[in-house]
Amino acid sequence: MNVYDSDRMSDVLTPLGYELAPDPEGADMVILNTCHIREKAAEKVYSELGRIRELKAAKAAQGNGAMVVAVAGCVAQAEGEEMIARAPVVDMVFGPQSYHRLPEMIAKLEGGAKHVLDTDFPVEDKFDALPKVARKASPAAFLTVQEGCDKFCTFCVVPYTRGAEFSRPVAKIMAEAQKMVANGTREITLLGQNVNAFHGADESGQSQGLGQLITLLAELDGLERIRYMTSHPRDMDDALIAAHGNVQKLMPYLHLPVQSGSDKILKAMNRQHTGEEYQKLVARIRGVRNDLALSSDFIVGFPGETDQDFEDTMQLIRDVKYAQAFSFKYSPRPGTPGADMKDQVPEDVKSERLQRLQALVNEQAADFHGSMAGQEMDILFEKPGRHDGQLIGRSPYLQPVHVMAPDHLIGQIARVRITTKSTNSLGGELVGAREVA
Ligand code: 5AD
Ligand code: SF4
């Protein structure tokens, strides 16, 4: 989502005469767009600011004018005033809900304000206030449909930093998607902190779920692929599960975090489901889409996690079989219930568990990746490859695929037979000359 937000910031700044610089050196403005999900985020920002302070001083010393330094995103939201006090190099601090007001903030600075702080949750719709720029379309792009979260998992800062759940109205999403497709986008990933809790109002004011939204989007000519992330198992409703079976444009790759395989830990995390319920859910979705591949997030070392609890997680991974997984040591986030729980797990135990878990998921990921060889699949070509005449595209499972193919296929989907694999990518060849879209 930060990639999407950063792109929107650049949209806001373009009419003011700004353009993207290749690196911060010599730039007129540097924005650090930050994430606060795990520990040390704030520390990383402060150490990065140390580096930027030097660049700012060098620019001034060369007589090249001022460098405006801004911190955006959830670290800015959480630190607020504190950030300006601790790092005087910072000119602007603003949260994820305020970046559409960048022009006003810049005007304040130009008007002589020493610092600008904007961490409000405004009542107006940020998305309405964003400029409608005809950006150069990428074949695969993000579209935010939902923000915030009401789930309050006991380890997570999102409900505090991003606030309550909010869904954009269906018509506005459809209009944005239509424009993206007209500009050449073929694949849209619907974004939200808890995207499958989406409940946007339609024209008649009725609330529509993510399954309905995906069904509507699938009717757009020229849009070939739909994805969504990140989801909570509790919000996979019947319509969304059905969409996985009915909507061919919905890609068979689902990020569905389970976090832990132990019912005791899942309860302490306030996830509101058991390991068995998760597995039944996965079976239901695979039941309607048998080529579905899954990815998940895992946290090891949540307070109270015993060896047995950890083994339950390992067993769940063996049972479900993931194409990919992201795993983290639990980090206590101030202000969340988990941080005050007793039985915090020692760091060395967390490290050891993380290593074991990662070895298992890496093995599964390699198996999955290896199983692609010899298969034929649709590839969406995104950009030229490193070698002459080569393009890089993505498989339905987001793997990069290198293929010798003509340039005019960029932004199009073509049938490819997978012939080679390396650790993180695949190689293939066009099947005949048939282009699918
Ligand atoms: N400690 C470790 N991992 C966390 N995540 C969120 N909060 C924490 C935390 N306090 C992980 C979860 C989530 C992913 C985005 O980050 O696994 O799904
Ligand atoms: Fe955080 Fe996701 Fe839980 Fe919401 S559902 S509190 S974003 S982990």
Would you confirm whether any residue within the stretch 186-204 is part of a helix (DSSP H, G or I), at pLDDT 95 or above, away from ligand 1 (no atom under 16 Å from the Cβ) and more than 28 Å from PHE298 (Cβ to Cβ)? no
Hey, does the stretch 364-378 have a residue that's within 26 Å of the chain's Cα centre (by Cα), surrounded by fewer than 18 Cβ atoms within 10 Å (Cβ to Cβ), assigned to a strand (DSSP E or B) and not acidic (Asp, Glu)? no
Does the stretch 326-334 contain any residue that is open to solvent by less than 10 Å² (accessible area, probe 1.4 Å) and either more than 16 Å from ligand 2 (Cβ to nearest atom) or not aromatic (Phe, Trp, Tyr) (or both)? no
Check on GLN77, within 16 Å of ligand 2 (Cβ to nearest atom) and either out of contact with any Cys (no Cβ under 7 Å at 6 or more places or on another chain) or not assigned by TED's automatic domain parsing to the domain that holds GLY112 (or both): yes
Could you give every pair whose Cβ atoms fall below 9 Å, whose first residue belongs to the stretch 318-332 and is within 12 Å of ALA366 (Cβ to Cβ), and whose second residue is modelled with pLDDT of 95 or more and within 15 Å of ligand 2 (Cβ to nearest atom), counting only separations of at least 6 or pairs across chains? TYR322/SER295; TYR322/SER296; ALA323/SER295; GLN324/HIS255; GLN324/SER295; GLN324/SER296
What number of residues within the stretch 304-334 are assigned to a loop (DSSP other than H, G, I, E, B) and within 11 Å of ligand 1 (Cβ to nearest atom)? 5
Would you be able to say whether some residue in the stretch 414-425 is in contact (Cβ under 8 Å) with a residue 60 or more places away in the chain and hydrophobic (A, V, I, L, M, F, W, C)? no
Residues in the stretch 420-437: is at least one part of a loop (DSSP other than H, G, I, E, B), open to solvent by less than 60 Å² (accessible area, probe 1.4 Å) and modelled with pLDDT of 95 or more? no
Scan the stretch 12-50 for residues that are touching a residue at least 24 places away in the same chain (Cβ under 8 Å), charged (D, E, K, R) and surrounded by 11 or more Cβ atoms within 10 Å (Cβ to Cβ) and jot them down. GLU25, ASP28, ARG38, GLU39
Do we have any residue at all in the stretch 389-401 that's in a loop (DSSP other than H, G, I, E, B), aliphatic (A, V, I, L, M) and modelled with pLDDT of 95 or more? yes
With free of Cβ contacts under 8 Å to residues at least 60 places away in the same chain and either closer than 27 Å to GLU79 by Cα or within 16 Å of ligand 2 (Cβ to nearest atom) (or both) as the only criterion, which of PHE155, PHE166 stands out? PHE166
For the stretch 195-235, the count of residues that are of a type in the set (D, E, K, R) and within 16 Å of ligand 2 (Cβ to nearest atom) equals 2
Within the stretch 170-201, count every residue that is over 11 Å from LEU143 (Cβ atoms) and open to solvent by less than 40 Å² (accessible area, probe 1.4 Å). 7
Within the stretch 352-361, identify whether any single residue is among the small types (Gly, Ala, Ser) and exposed (fewer than 14 other Cβ atoms within 10 Å of the Cβ), and answer yes or no. yes
Set ALA57, ALA66: member being outside any loop (DSSP other than H, G, I, E, B) and small (Gly, Ala, Ser): ALA57
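The values are calculated or read from the model by the stated rules, or taken from the named source; none is laboratory data. Only a predicted model underlies this, so the values are computations on that prediction, with no experimental measurement involved. Note that each Cβ is placed from the backbone with ideal geometry, even for glycine, and that neighbours are counted across all protein chains shown. Areas reflect the complete protein model, heavy atoms only, side chains present, ligands, DNA and RNA absent. Shrake-Rupley method; radii C 1.70, N 1.55, O 1.52, S 1.80 Å.
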